[in-house]
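Enquirer: Once you've had a glance at the structure underneath, I'll fire off some questions.
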Amino acid sequence: MTDSRNKYEAVIGLEVHAQLKTKSKIFCNCPNLFGKDPNTLVCPVCLGLPGVLPVLNKKAVEYSIKTALALKCRVAPFSIFARKNYFYPDLPKGYQISQFEEPLSENGYLEIEIDGNWKKIRIKRIHMEEDAGKLIHPEGDESVSESKIDINRCGVPLIEIVSEPDITTPVEAHLYLKKLKQVLSYLDISDCNMEEGSLRCDANVSIRKKGEKSLGVKTEVKNLNSFKNVEKALDFEINRQKKILEQGGHILQETLYWDARKNQAFIMRRKEYSDDYRYFPEPDLIPLKVSTEWIEKIRKTIPELPNEKKKRLIKQYNIPSYNAEILIDSKELADYFEKCTKFCSDYRTLSNWIIGDVLYILNEKKISITEFRIPPEFLGTMVKLIENKTISGKIAKEVFEEMLKTGKSPEDIVKTKNLIQLTDEDKISDIIETVLKENKEELEKYLNGKEKLFGFFIGQIMKKTRGKANPQIVNKLLKNKLDRLKEK
């Protein structure tokens, strides 16, 4: 068999469903809540009982327009809801109210950064629809016949964001999803919790020989509920298609289900076409008309978005791109950083503390930055103490831990525990003399060429000063002393 690794290229398009965090559902007044007892948040509209009429949620439309504008889409002044007909146990009406031929918005894009270069992923369309219910399988085993149905999710407002097939690798798909999640979080229109299903992704995958322009036959992979699973599933499906073609077979247009436990995709059914859904205009909803004035009013509510924020942080604070990317992962974390900058001027050190020690605590305690005990003014002031050499970086670790435990300010901790950095060169020189006298054997080895012992002497000096000696001064004075001894 020939080597197919460099013979083919993948063509990937993603369909992302995001639940909107409105107070009520899209067509009725039922609460839009997660985690309540099954089948307790339903009404005749959710169930599609005879005689009921859906009423469109204005806030859901506002959130959808806000997303469209953030993703540079054209918002249509006129769009139509349609019935998408299919039969599934968790869809009691037998159809889903969605949009088809005339969606709310089209033709946008989202930029992702790969190895320092920006790539534009085009957005084909964003349309509104209602969510279906949920099948509950015993112990997560979907092969068990005794499944139960929870209708609570029926009618929860969704937007479906459909990309063009501009993604070429699983890594790009990961980056696209991560950036899209950031945008939705910044807009505050969805909680984007993939584990709870409020952000879901289906992937359309095909491969073709490199250099070809025509698209191959695509398959759709469903149940991608984490960034990691998206990468794994796409890797699996791309390799599966390559093997089929290399063995002389043909790709069939099918829908596959990704099993994260087995790291394998299984065929669910032959892929449906739009004709299979028998779309027709929803007779109970009038066309949606959006005024230019309303669009511009919503545009003014859009905050600084992740990519723009990252570029500004790099330029304004001169921090590394890597640090900026981590900081902008959440709007709250970036805001925390900028609040800290009011109390210090070494922004690179500040960003290192946040993406290192602060995020470690947040991940360990499973809390958000809004729940973090150290306020911005305390962390910023601590960095300022490092800047002006009041404390060393090592002592700062102790101050940081004490702030976490006690909630005291860094100045109070430094004063109470006598942690002020030792910078007196005469005192440090005396300590160096003492350390060298106490370690004559190591000194002799150093002078005979074992220069790695320099670090040993540094450690002994810092130990005697309880970490308070200025490291730069210690290094300078110790090197000068040892150089003089070598010359004798």
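Enquirer: Part of a loop (DSSP other than H, G, I, E, B) and without any contact (Cβ under 8 Å) to a residue 24 or more places away in the chain, is that true of Ile302?
Expert: Here the answer is no, as Ile302 does not meet what is asked.
Enquirer: Looking at (1) within 20 Å of Glu129 (Cα to Cα); (2) surrounded by fewer than 18 Cβ atoms within 10 Å (Cβ to Cβ); (3) among the charged types (D, E, K, R), which is the one condition that is false for Arg200?
Expert: (2)
Enquirer: What residue, of Lys72, Lys119, Lys93, is among the charged types (D, E, K, R), surrounded by fewer than 21 Cβ atoms within 10 Å (Cβ to Cβ) and outside any loop (DSSP other than H, G, I, E, B)? Outline the logic, then answer.
Expert: On the way: Lys72 fails: outside any loop (DSSP other than H, G, I, E, B); Lys93 fails: outside any loop (DSSP other than H, G, I, E, B).
It is Lys119.
Enquirer: Any idea which of Arg153, Arg125 is in a loop (DSSP other than H, G, I, E, B) and buried (at least 18 other Cβ atoms within 10 Å of the Cβ)?
Expert: From the options Arg153, Arg125, the qualifying one is Arg153.
Enquirer: Here is a follow-up. Consider Ile295 carefully, then state whether it is farther than 27 Å from Lys178 by Cβ and touching a helix residue (DSSP H, G or I) at 6+ places or on another chain (Cβ under 7 Å).
Expert: For Ile295, the condition - farther than 27 Å from Lys178 by Cβ and touching a helix residue (DSSP H, G or I) at 6+ places or on another chain (Cβ under 7 Å) - is met.
Enquirer: Another one. Kindly indicate whether Leu288 is within 30 Å of Glu102 (Cβ to Cβ), within 18 Å of the chain's Cα centre (by Cα) and not basic (Lys, Arg).
Expert: no
Enquirer: Related question: Please determine whether any residue of the stretch 195-217 is among the small types (Gly, Ala, Ser), touching a Leu at 6+ places or on another chain (Cβ under 8 Å) and at pLDDT 95 or above.
Expert: To start, the set of residues in the stretch 195-217 that are among the small types (Gly, Ala, Ser) comprises 197-198, 203, 206, 211, 214, 216.
Pick out the ones that are also touching a Leu at 6+ places or on another chain (Cβ under 8 Å) and you get 203, 206.
So of that shortlist, the ones also at pLDDT 95 or above come out as none.
Looking through the stretch 195-217, none of the residues is among the small types (Gly, Ala, Ser), touching a Leu at 6+ places or on another chain (Cβ under 8 Å) and at pLDDT 95 or above.
Enquirer: Would you call Val162 part of a strand (DSSP E or B) and at pLDDT 95 or above?
Expert: yes
Enquirer: Output the qualifying pairs, or none if there are none: Cβ atoms under 8 angstrom, residues six or more apart or on different chains, first residue in the stretch 94-112 and assigned by TED's automatic domain parsing to the domain that holds Ile151 and of a type in the set (Val, Ile, Thr), second residue crowded, with 19+ Cβ neighbours inside 10 Å and assigned to a strand (DSSP E or B).
Expert: Ile97/Phe81; Ile97/Ala82; Ile97/Arg83; Ile97/Lys84; Ile97/Glu129; Ile97/Glu130; Ile112/Ile121
Enquirer: Restricting the search to the stretch 4-28, which residues are assigned to a loop (DSSP other than H, G, I, E, B) and within 24 Å of Ile207 (Cα to Cα)?
Expert: Listed by number, the residues that qualify are Ser4, Arg5, Asn6, Lys7.
Enquirer: Turning to a different aspect of this structure: List the residue pairs whose Cβ atoms are under 8 Å apart, where the first residue sits in the stretch 137-162 and is basic (Lys, Arg), the second is assigned to a loop (DSSP other than H, G, I, E, B) and at pLDDT 90 or above, and the two are 6 or more positions apart or on different chains.
Expert: What qualifies is Lys148/Pro38; Arg153/Asp131; Arg153/Ala132; Arg153/Gly133.
Enquirer: In addition: Within the stretch 363-375, take every residue that is outside any helix (DSSP H, G or I) and not hydrophobic (A, V, I, L, M, F, W, C) and give me the one that is nearest to Gly407 (Cα to Cα). Show your work before the answer.
Expert: Going through the stretch 363-375, the residues outside any helix (DSSP H, G or I) turn out to be 366-368, 372-375.
Now restrict to residues that are not hydrophobic (A, V, I, L, M, F, W, C): 366, 368, 373, 375.
On the way: Lys366: 19, Ser368: 17, Arg373: 7, Pro375: 9 Å.
Filtering the stretch 363-375 for residues that are outside any helix (DSSP H, G or I) and not hydrophobic (A, V, I, L, M, F, W, C), the one nearest to Gly407 (Cα to Cα) comes out as Arg373.
Enquirer: Out of the stretch 341-375, which residues are of a type outside the set (Val, Ile, Thr), in contact (Cβ under 8 Å) with a residue 24 or more places away in the chain and over 19 Å from Asn318 (Cβ atoms)?
Expert: Answer for the stretch 341-375, where residues must be of a type outside the set (Val, Ile, Thr), in contact (Cβ under 8 Å) with a residue 24 or more places away in the chain and over 19 Å from Asn318 (Cβ atoms): Asp357, Leu359, Ser368, Phe372, Arg373.
Enquirer: Being touching a Phe, Trp or Tyr at 6+ places or on another chain (Cβ under 7 Å), at negative phi, among the basic types (Lys, Arg) and loosely packed, with under 12 Cβ neighbours inside 10 Å narrows it down to one of Lys289, Lys228, Lys242, so name that one.
Expert: Lys289
Enquirer: Looking at the structure I just gave you, is Lys297 free of Cβ contacts under 8 Å to residues at least 24 places away in the same chain and under 30 Å from Tyr186 (Cβ atoms)? Let's see the steps before the verdict.
Expert: Numbers: free of Cβ contacts under 8 Å to residues at least 24 places away in the same chain: yes; under 30 Å from Tyr186 (Cβ atoms): yes.
It is true that Lys297 is free of Cβ contacts under 8 Å to residues at least 24 places away in the same chain and under 30 Å from Tyr186 (Cβ atoms).
This table checks each residue for (1) outside the structural domain of Lys66 (by TED's automatic domain parsing); (2) assigned to a helix (DSSP H, G or I).
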site	(1), (2)
Lys262	no, no
Asp276	no, yes
Ile295	no, yes
Lys315	yes, yes
Tyr322	yes, yes
Glu325	yes, yes
Glu332	yes, yes
Tyr336	yes, yes
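The values are calculated or read from the model by the stated rules, or taken from the named source; none is laboratory data. Quick caveat: nothing in here was measured; it's all calculated off a predicted structure. Here the Cβ is made from the backbone with ideal geometry for all residues, glycine too, and neighbour counts use every protein chain on show.
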